[in-house]
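Notes follow the structure.
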């Protein structure tokens, strides 16, 4: 009978010189808490939230999935990344990341507040809602995308439905700040279509394709050249918020528009929307395994992720006024998440941390942000990685006893002591 050797033995050779070589005594390796095994055994997963608001002209993430490289890099450092469709969608392009959760924006706000939890899944039953205002040939294109994802990717897209009335989407820019917004003329028709899928087809995630008005050429060209605000994004958020608020299931939207004319001046950040007839592929891929939303009314099942598990939040410096960001920053718990703001990712907003009393660590770009995350995960003060980043340790309080020769401190600390405390907090 032949003896089959395992793979490690097959790669080694025995030579005659080894027969006469003295046998070395091997010592048992001592256990060290700092060894790599410590991470798996004694540390909980590190969770980071990546936010780039929709329709605000973000320099990174305000175009066609151009924040996706940030999410990919972050997923290589953090154990779990929570982000939203504006970051993870790239029209015809998509990048699967097993440790990244695809969470709609309204649901992300409720998660940050602590009222909802996230339940990871293996797969969802995805339903597709098509606006009856979509032309027949454009509707066929989207149905072909759905069939392609079912046949080529094996995605669980189970049924589609057409709304009983055109949704009548309108878009415009908010004159106060310049972000994109708009309206859904027949929102009741949209909700009836979703209700039919949920009730009769038992779907637990919904993709919506609404017919959007053709862009003004000037606005469209500006966006395609990487200079303007995405006119469609604001209403896309309104559509998904409406459905998630009503049905409490994952939802994402893909606009139906006529293919743009070929242009050599398209910016690489917008190019993902130039390579096909539809933006639906990334939406179906994201929804196929998006986490389910669990209302926190009592004890949670094992495996749910709650806001208290979040270790850090990354977002543009001038976009700190959202419900989710404020909830994370004002969390009533001892270990609040580290808020990291990115200066380079400018938007049309002016919601800086100081306006909301948010303690944030400001970095110049996403290179620095991910470096801070790596240090934070390792338990290292990020300032220790910088030249002269650590100053002398300070004492902000003096203890008093009956045997002390120093005068008894007043009940109210002097102003300079308060300043020292604030400086110490900033350094930490």
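Going by how many other beta carbons lie within 10 Å of each one, how would you line up 94, 106, fewest first?
Numbers: 94 20, 106 23.
The order, fewest Cβ neighbours first, is 94, 106.
How much FRET efficiency would the formula 1/(1 + (r/R0)^6) give for residue 159 and residue 115, where r is the Cβ-Cβ distance and R0 is 45 Å, rounded to 0.05? Present the calculation step by step, with values, prior to reporting the outcome.
Numbers: r = 30 Å, r/R0 = 0.67.
E between residue 159 and residue 115, to the nearest 0.05, is 0.90.
Roughly how many nanometres apart are two label points built 7 Å out from the Cα toward the Cβ at residue 150 and residue 354?
So the label points at residue 150 and residue 354 sit 5.6 nm apart.
Please report the base-10 log of the normalised intensity I(q)/I(0) for the range 207-320, using a Debye sum with one equal scatterer per alpha carbon and no solvent, at each q in 0.11, 0.23, 0.24 (1/Å).
Cα-only, vacuum Debye calculation for the range 207-320: -0.52, -1.39, -1.43.
Among DSSP beta bridges whose residues both lie in the range 47-379, state the antiparallel percentage, nearest 5.
Numbers: 11 of 46 bridges.
DSSP beta bridges in the range 47-379 are roughly 25 percent antiparallel.
Note down the Stokes-Einstein diffusion coefficient of the range 89-193 in µm²/s, whole number, using a Kirkwood radius over alpha carbon pairs, 10 °C, and 1.306 mPa s. Write out the running numbers ahead of the final one.
On the way: Rh = 16.9 Å.
Translational diffusion coefficient: 94 µm²/s.
If you wrap a convex hull around the alpha carbons of the range 269-382, what volume per residue comes out, as a whole number of Å³?
Once divided by residue count, the hull of the range 269-382 is 172 Å³.
How big is the range 38-153 on each of its three principal axes, counting only the C-alpha atoms and giving the largest first in Å?
So the three principal-axis extents are 57, 34, 29 Å.
Give me the extension gain from residue 334 to residue 99: residue separation times 0.36 nm, minus the current Cα-Cα distance, reported in nm with one decimal.
Numbers: separation 235, 0.36 × 235 = 84.60 nm, distance 2.60 nm.
Roughly 82.0 nm would be gained on extension.
Reported to two decimal places, what Rg/Rh ratio describes the range 47-379 when computed on Cα atoms with Rh from the Kirkwood expression? List each step's numbers first, then the result.
Working: Rg = 18.9 Å, Rh = 20.0 Å.
Dividing the radius of gyration by the Kirkwood radius yields 0.95.
Which distance in nm do the two modelled labels at residue 267 and residue 201 give, with both placed 7 Å along the Cα-to-Cβ direction?
Modelled inter-label distance: 3.6 nm.
Here, each number is a calculation from the coordinates, and none is a lab measurement. Nothing here was measured: the structure is a model prediction, and the numbers come from that model. Neighbour counts run over all protein chains shown; Cβ positions are idealised from the backbone, glycine included.
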